[in-house]
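K.L.:
Please see the structure below; I have some questions.
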Amino acid sequence: MTKSRSSHFARRVSAVAWREFVSMVFTKAFIFGVLIVPGIMIVTFAVIPALLHEGPRAVTGRVLVFDPSGTVAPAAQAALESILARQLDPAADFAEVGTSGAGGTAGLLAATGASADTVSVRFESTTKPESELKNLLKVGDCLAYAIVPEGLLAAPPEKQATYTLAVATWTSPSHTSLFTRSIRDGIVKARLDAAGEDHDALKALLAAPEETAIRVSEDGNVAPESAAGRMLIPMGFMMLMWMVVFTGANQLLTSTIEEKSNKVMEVLLSAASPFELLTGKVLGQGLVSLLMLGIYGSLGVAGLVFAAMADLVTPMSLLLLVCYGVTAYFMVAAMMAAVGSAVNDLKEAQSLVGPVMLVVMVPLILWLPISENPNGWVAVITSFIPPLTPFVMILRATGTAEPIPFWQIPATIGLSVMASIGFLWVASRIFRVGVLMQGKTPTPMELLRWAMVR
Amino acid sequence: MNETHSVIQLSGVAKQFGAVRAVDGIDFTMQRGEICGCLGPNGAGKSTMIRMILAIIRPDAGSIRVLGGDPIDAKDRLGYLPEERGLYRKMKVGAFMAYMGRLKGLAGLAARRRAAEALERMELPGIMDRKCSDLSKGQQQKVQFVSSIIHEPEVLILDEPFSGLDPVNRRLFQSEVLALRERGTTILFSTHQMEQAERLCDRVMLVNRGRKLLDASVVDALRQPGLRALEAEPVAGATHAASTILGLDGVLAAVPNEDGKTIRIDLANDADQRSVMRRILESVDVRSIQEARVTLDDVFIHLVGGAAAESATTRASSGVPS
């Protein structure tokens, strides 16, 4: 290419790329679309917990307990006071989880902010028949009533026996949980007292230990460990890459079809060569994808910092995200541009986009086996099959289950770059023929034939 | 022709799509400042030829030189208005002009300024901030035309530039085209509207089935052999008179004109015009008889329609249903 030709090339490519970028980014739809996802994330992580902490409805009244021994009501009262006291001491609640398995109740109460300030409930023994208790509940004379059969307090208790708790329809779920938990604990305590056992001592002995899992990074920093988080981070990387790649590539498909269907393509081709046009369009939408990657990537990293998991994302993994993301974009964008040039409308494009989508869905399907075993044969083989390479490699390289051989990183980046060039070359050959074609949708074989046209 | 002044030069250019030979060995040269009409029926190969001149597609054989070099290097110096026009619907006119200008090597501001001036000349002032989708069809056509000339191209290629225009706007377009020619722009346009070509062009090239049938000045084109004709006004019964005249020596065809009063009489190649006129006067009572004006329409039908057109007119004149 002469100097003059190369400067013309650069000017035309930059003009096309800038138009593509501006026409996508400076639109209400894009601004709304880009902001809505972070907005949902902020709502999910910040606003909803804040709303949950708004405070529960206050509850005042009595819960009537019918039991022949008359021991359950005082025991349930003690249990309620114990539960309310634990809301002020999260460590005590942790210990509780292992013994009764009712940590969910405590968690719910904690989330709703139930405390002695808002809960003023008395458990009272009663000998009234159930029909009368029901009437009392209906007129609001009590918050709830419980019927505890004798068999539940026997030693050993009857296996099939259950107690009945009746609440009014206006009782909140958290208050129902609070009553259930108190009565259940009260029954156990009454049972142990009847057997002459020390309830509190036994409870302490039965409490299962809670581990404090920590993660020590290569530079010696310590952070709380979360196995689920470690599994999700590679998936997060891949999904982020997948999303921005497809947003850009899909927009490329749409804009190519639009230019072809509204007949502006021929004017463009009189001013720029098909290769210049394709390069400009791919670069322009690539910038859009990069912008989205920057926005969502930054938000993701901020979220990890917030969750004290920032050590799982290294600068190297971010660099790999960009390298693999760029090559993945070029490969998928090349395919989409080729399809866009060959069809007359979006409906026609579906039949050709389908196979492309099927291929790049493979990493999503193989996420679990690849994350679990990043050096297994499935992971290694798919790492060397473009266009799967960047998607699979980002899963493998950002996971922490097992380090992958270092040579595979430069090798797959090199392969991805070569494949990107190959995909773009083939796409430009198809693009050059396709943009001037009208009529029936070509088959994949016809597209390949176009690529071979001189 | 002097090749040193050639702006467009095609030598033995051919292009084939599958089994179809769209352009078949065309030689063609245009000089600076000429207006040349490229005429031909649908599918004749005009658009393919234009696309090759614009380096949108490459020829299979032959060579094309535009402004002294490879057409790919001349893109910035060419302007093009395709037959199937299009705009970015959501784009504003000013942004579209700036984009087209940048593609052609103009700075965005210069492109906007020139576009505003040209749009004012085209009686479309103050539309730079309007979306293309908000414009009428005629306004869109003007915007597209302006976008093809804002970079002041040395060569302007127009594909059916006047189709779909009302007479007022057609005249506006024509005056703009002539003004460009005055400024030295070389203009090649393809059209089906022969009277436009006759009025605007210095030269015409007629192509059919990928081959060049005619390449001559308009004056020479109208002097095609076999295109001599007379026009007679019989005293009564144009149809009856036409069938009588058809039987005379030296008459190829005799067809009543649309006015129902006059007859167009095509002469055979070897016929002596005066002798035929005398024979008509002897056979039919006529109010007047004179040499008919040959138009590019006649040239087009004569060269493209050929024998089919002639047999059709003969059938019509002799009362045989076509």
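K.L.:
Go through segment B:24-66 and give me each residue that's closer than 18 Å to B:PHE189 by Cβ, assigned to a loop (DSSP other than H, G, I, E, B) and touching a helix residue (DSSP H, G or I) at 6+ places or on another chain (Cβ under 9 Å).
P.N.:
B:ARG32, B:GLY33, B:GLU34, B:GLY40, B:PRO41, B:ALA44, B:LEU54, B:ILE56
K.L.:
Looking at segment B:202-216, I want the residues that are within 18 Å of B:GLY62 (Cα to Cα) and among the charged types (D, E, K, R) and have a partner that is buried (at least 20 other Cβ atoms within 10 Å of the Cβ) and at pLDDT 90 or above with Cβ atoms under 6 Å, at least 6 apart or on another chain. Which pairs are those?
P.N.:
Going by the 6 Å Cβ cut-off, the qualifying pairs are B:LYS212/B:ILE26.
Per-residue answers, yes or no, for (1) among the basic types (Lys, Arg); (2) farther than 18 Å from B:GLU182 by Cβ; (3) without any contact (Cβ under 8 Å) to a residue 24 or more places away in the chain; (4) in contact with a Cys (Cβ under 9 Å, 6 or more places away or on another chain):
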| residue | (1), (2), (3), (4) |
| --- | --- |
| B:ARG114 | yes, no, no, no |
| B:LEU119 | no, yes, no, no |
| B:GLU123 | no, yes, no, no |
| B:MET128 | no, yes, no, no |
| B:SER136 | no, yes, yes, no |
| B:VAL146 | no, no, no, no |
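K.L.:
Okay, next question. Kindly provide the set of residues from segment B:263-283 that are touching a helix residue (DSSP H, G or I) at 6+ places or on another chain (Cβ under 7 Å) and either free of Cβ contacts under 8 Å to residues at least 24 places away in the same chain or under 12 Å from B:LEU230 (Cα atoms) (or both), ordered by number. Full working, then the answer.
P.N.:
First pass over segment B:263-283, keeping only residues touching a helix residue (DSSP H, G or I) at 6+ places or on another chain (Cβ under 7 Å): B:263, B:265, B:267, B:280, B:283.
Correct list: B:ILE263, B:ILE265, B:LEU267, B:ILE280.
K.L.:
State the number of residues belonging to segment A:407-454 that are within 13 Å of chain B (Cβ to nearest Cβ) and touching a Ser or Thr at 6+ places or on another chain (Cβ under 6 Å).
P.N.:
3
K.L.:
Next question, about the same structure. Yes or no: B:LYS46 more than 10 Å from chain A (Cβ to nearest Cβ), among the charged types (D, E, K, R), within 16 Å of the chain's Cα centre (by Cα) and surrounded by 16 or more Cβ atoms within 10 Å (Cβ to Cβ)? Talk me through it step by step, then tell me what you get.
P.N.:
Working: more than 10 Å from chain A (Cβ to nearest Cβ): yes; among the charged types (D, E, K, R): yes; within 16 Å of the chain's Cα centre (by Cα): yes; surrounded by 16 or more Cβ atoms within 10 Å (Cβ to Cβ): yes.
Yes.
K.L.:
While we're looking at this one, here's another question. Could you list all residues from segment A:247-278 that are part of a helix (DSSP H, G or I) and surrounded by fewer than 20 Cβ atoms within 10 Å (Cβ to Cβ)? Break it down into steps so the answer makes sense when it comes.
P.N.:
Let us first name the residues in segment A:247-278 that are part of a helix (DSSP H, G or I), namely A:247-261, A:265-271, A:274-278.
Hits for segment A:247-278 are A:ASN250, A:THR254, A:GLU258, A:SER261, A:PHE275.
K.L.:
Now, a different point. Look at segment B:92-105 and say how many of its residues are facing chain A (nearest Cβ under 7 Å) and either within 18 Å of A:PHE26 (Cα to Cα) or among the polar types (S, T, N, Q) (or both).
P.N.:
Looking only at that region, the number is 1.
K.L.:
Please find, among A:ALA144, A:ALA161, A:ALA168, the residue that is touching a Leu at 6+ places or on another chain (Cβ under 7 Å) and farther than 21 Å from A:GLY61 by Cβ.
P.N.:
A:ALA161
K.L.:
List the number of the failed condition for B:ALA19; all other conditions in (1) away from every other protein chain (no Cβ under 14 Å); (2) in contact (Cβ under 8 Å) with a residue 40 or more places away in the chain hold.
P.N.:
(2)
K.L.:
Where the second residue is part of a loop (DSSP other than H, G, I, E, B) and surrounded by fewer than 19 Cβ atoms within 10 Å (Cβ to Cβ) and the first is within 8 Å of chain A (Cβ to nearest Cβ) and modelled with pLDDT of 90 or more and lies in segment B:71-87, which pairs have Cβ atoms under 6 Å and are six or more apart or on separate chains?
P.N.:
Final answer for the pair search is B:ASP76/B:GLY105.
K.L.:
Taking A:SER172 and the conditions (1) modelled with pLDDT under 90; (2) surrounded by fewer than 19 Cβ atoms within 10 Å (Cβ to Cβ); (3) under 14 Å from A:VAL65 (Cα atoms), which numbered condition does it fall short on, given that it satisfies the others?
P.N.:
That leaves (3) as the condition not met.
K.L.:
Whether any residue in segment A:260-276 is over 34 Å from the mean Cα position of the chain (by Cα), of a type in the set (S, T, N, Q) and either away from chain B (no Cβ under 13 Å) or under 17 Å from A:LEU424 (Cβ atoms) (or both) is what I want to check.
P.N.:
Step one: list which residues in segment A:260-276 are over 34 Å from the mean Cα position of the chain (by Cα), which gives A:260-276.
Checking the rest, the ones that are also of a type in the set (S, T, N, Q) come to A:261-262, A:270, A:273.
When the remaining residues are screened for being either away from chain B (no Cβ under 13 Å) or under 17 Å from A:LEU424 (Cβ atoms) (or both), the result is A:273.
Yes; the residues of segment A:260-276 include at least one that is over 34 Å from the mean Cα position of the chain (by Cα), of a type in the set (S, T, N, Q) and either away from chain B (no Cβ under 13 Å) or under 17 Å from A:LEU424 (Cβ atoms) (or both).
K.L.:
I'm checking my understanding of the structure. Among residues of segment B:83-96 that are crowded, with 20+ Cβ neighbours inside 10 Å and more than 18 Å from A:VAL16 (Cβ to Cβ), which one is farthest from the chain's Cα centre (by Cα)?
P.N.:
Only one residue fits best here, namely B:VAL93.
K.L.:
Kindly state which strands (runs of 3 or more DSSP E) lie completely within segment B:212-295 and contain at least 3 residues that are surrounded by fewer than 14 Cβ atoms within 10 Å (Cβ to Cβ).
P.N.:
Of the strands (runs of 3 or more DSSP E) lying wholly inside segment B:212-295, those with at least 3 residues that are surrounded by fewer than 14 Cβ atoms within 10 Å (Cβ to Cβ) span B:286-291.
K.L.:
Look at segment B:59-70 and say how many of its residues are in contact (Cβ under 8 Å) with a residue 60 or more places away in the chain and within 11 Å of chain A (Cβ to nearest Cβ).
P.N.:
Qualifying residue count, segment B:59-70: 0.
K.L.:
Can you tell me which residues in segment A:133-191 are in a loop (DSSP other than H, G, I, E, B) and of a type in the set (Lys, Arg)?
P.N.:
Across segment A:133-191, the qualifying residue is only A:LYS159.
The values are calculated or read from the model by the stated rules, or taken from the named source; none is laboratory data. The structure displayed is predicted, hence computed values, not measured ones. Counting neighbours? That spans all protein chains shown, and the Cβs are built from the backbone with ideal geometry, glycine included.
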